[in-house]
Amino acid sequence: MKTISSAVESYITTKPFLISALSQGIINLTSLSRNIKPEIEVSLKKEIRYGAIVMALKRLSSELEFRTTYKIVKVIKQIGDITVRSSLVDYNFKVSESILVNQAKFLANLNNRDDFYTSSRGVNECNIVVSENLCSAIEEIFSKEFIISKQTNLSSISIKLPVENVTIPGVYYFVFQRLSWEGININQVISTSNEFTVLVNEHQVDKAFKVIKNLKNL
């Protein structure tokens, strides 16, 4: 038989932001119980009291705090080097038959190890992020490609993660959530198995770096 606790948990686990708010203890349980009471009653097919929902939420909050946070924080505390680069430009090209050929041509002329270059490709779009001083080369080599958009004045923050990150759900979400709470807009995310890079506007990079650095002290 379905209980109030199981019905509340089923509802909460489908709402990622509610899970985070509950685990952080930053949500009013009485107000939340009023909001979710109609759906819980539909699920249980009977009328229930607000107090019963509040008690279920309290129990769930304690469990979620351990369940969703303990393993993630353990990984986050092991964040390695954090590298910041500024003066970056993000090009978004439409995928074409010649896009890879032009990328190879560009890479063949990339000699300075200090220059930043990264690329990611979807089904219809290809993003290329480079140091500002490489823009003229990009625009010459890719002159016949269709540019969907070009964004300037970007900075990147690259974060080295421990190898355990690939087996722990929610690590990226935990980081992105903290950035979102501080009003930091992520322009793009580039990742490998044990490292990821976020692109942000240059005027927000100091704030974003501080948020990520402070995660190691949780």
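Quick note: the coordinates plus some simple rules give every number you see, no bench work behind them. As the structure is a prediction and not an experimental result, all values here were calculated from the model. Every residue, glycine as well, gets a Cβ built from its backbone with ideal geometry; the counts of neighbours run over all protein chains shown.
Looking at Glu140, Glu145, Glu202, which one is in contact (Cβ under 8 Å) with a residue 12 or more places away in the chain and loosely packed, with under 15 Cβ neighbours inside 10 Å? Can you show your working first?
Details: Glu140 fails: in contact (Cβ under 8 Å) with a residue 12 or more places away in the chain; Glu145 fails: loosely packed, with under 15 Cβ neighbours inside 10 Å.
Every option except Glu202 fails the conditions.
The conditions are (1) more than 12 Å from the chain's Cα centre (by Cα); (2) within 25 Å of Ser87 (Cβ to Cβ); (3) among the polar types (S, T, N, Q), and Ser191 fails exactly one of them. Which is it?
(1)
Taking segment 2-51 on its own, how many of its residues are part of a loop (DSSP other than H, G, I, E, B), of a type outside the set (D, E, K, R) and under 26 Å from the mean Cα position of the chain (by Cα)?
Matching residues across segment 2-51 total 6.
The conditions are (1) farther than 15 Å from Glu139 by Cα; (2) surrounded by 14 or more Cβ atoms within 10 Å (Cβ to Cβ), and Asn92 fails exactly one of them. Which is it?
Asn92 satisfies all of (1) farther than 15 Å from Glu139 by Cα; (2) surrounded by 14 or more Cβ atoms within 10 Å (Cβ to Cβ) except (1).
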